[in-house]
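Scroll down for the structure; my scribbles are underneath it.
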Amino acid sequence: MKNPKIGFIGGGNMGGAMIEALWRAQSDEADAVQSSAEDEQKLDVSEARGAENLAQTDKNASPRECEKKTKFEIIAYARSKNEALRQRFGVKIAASETNLAREADAVVLATKPASYEAILRLIAPELAGKILLLLAPNFGIKRARQITGEGVYIARAMPNIAACIGASATALCFDAGFSEPKKETVREIIAKIGKIYEIDEVGFAAFTGIAGSLPAYACAFIEAAADAGVRGGLPRQLCYDAVAAAVEGTTHLIQSGKHPAALKDEVCSPAGTTIEGLAALEKGGFRGALMDAVAACIAKARG
């Protein structure tokens, strides 16, 4: 699908994060194209100056045209957040949910789950032949299909808040009947917000527990570790930055192929400081508490 119009109904935490990611990605691509064009222009000028047998060029000749190639046109309707989205990202604001669904090629439903059913009933007549992307943790494709009827390409995604910087871990699945070109359109959207994991829909609740909600657990861990650093005499901002940097470095090591258990063992010297800290975590039930937190999230996501 060439230059599809992506419509976002809802512009809160997740809808706003996805809009920001798409906007950033397209801005970065435009900057890269502009930089490449400027480099080529400089090269052309250099070559022209070095060629003695060439006629002098017009000083006022305009530089090589470089237009921003917009891969996605973003449309939004987010009620109270419309003006903020317009001012921050320059997106087009639709007059209503129905108008957005009528104009868009793909509709991303990014509102609170409680409003999904009412909005789907409102926009269903406009969705024939279009892509509908669901983001709610406990609103499945089958339920959406019962409202929209046939002829709508329904996909479901579970991103997290890091989507705004293109660093989300996002689950993705497609309903039956999706053509490969339409699947690619959805994948291109999700790729702008981070890493994609295509899984069966039955696994979405578990994915919500381990990835969708994980930023909140990680932030609680980082905040607690920073509090301990402040207690130890370090400035708070330094603690936040150092803890976040240590977490980031650890994730890179694991993503490079290190097994978490092996990496933990490497850090723990015999009779050292780290093993003492781990012993305290075990005594406090750290692992069990985290597993219970993920289990509670999964149960809630399953409804």
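The values are calculated or read from the model by the stated rules, or taken from the named source; none is laboratory data. These numbers were taken from a predicted model, which means no experiment stands behind them. Neighbour counts are summed over all protein chains in view; Cβ atoms, including those assigned to glycine, are modelled from backbone coordinates with ideal geometry. What goes into the accessible areas is simple: the full protein's heavy atoms, side chains included, and nothing from ligands, DNA or RNA. Shrake-Rupley method; radii C 1.70, N 1.55, O 1.52, S 1.80 Å.
Summary of computed values
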| read-out | value |
| --- | --- |
| From Gly285, Gly303, residue being surrounded by fewer than 14 Cβ atoms within 10 Å (Cβ to Cβ), over 30 Å from Thr170 (Cβ atoms) and out of contact with any Leu (no Cβ under 9 Å at 6 or more places or on another chain) | Gly285 |
| Verdict on Val267 being touching a Ser or Thr at 6+ places or on another chain (Cβ under 6 Å) and either among the aliphatic types (A, V, I, L, M) or modelled with pLDDT of 95 or more (or both) | yes |
| Residue tally, condition at pLDDT below 95 and either over 24 Å from Phe139 (Cα atoms) or not in a helix (DSSP H, G or I) (or both), over the range 271-302 | 1 |
| Among (1) open to solvent by 20 Å² or more (accessible area, probe 1.4 Å); (2) in contact (Cβ under 8 Å) with a residue 12 or more places away in the chain - the single one Ser80 does not satisfy | (2) |
| Considering residues of the range 251-279 that are touching a helix residue (DSSP H, G or I) at 6+ places or on another chain (Cβ under 7 Å) and open to solvent by less than 60 Å² (accessible area, probe 1.4 Å) only, the residue nearest to Ala167 (Cα to Cα) | Leu263 |
| Conditions (1) open to solvent by 70 Å² or more (accessible area, probe 1.4 Å); (2) outside any loop (DSSP other than H, G, I, E, B); (3) modelled with pLDDT of 80 or more; number of the one not met by Ala17 | (1) |
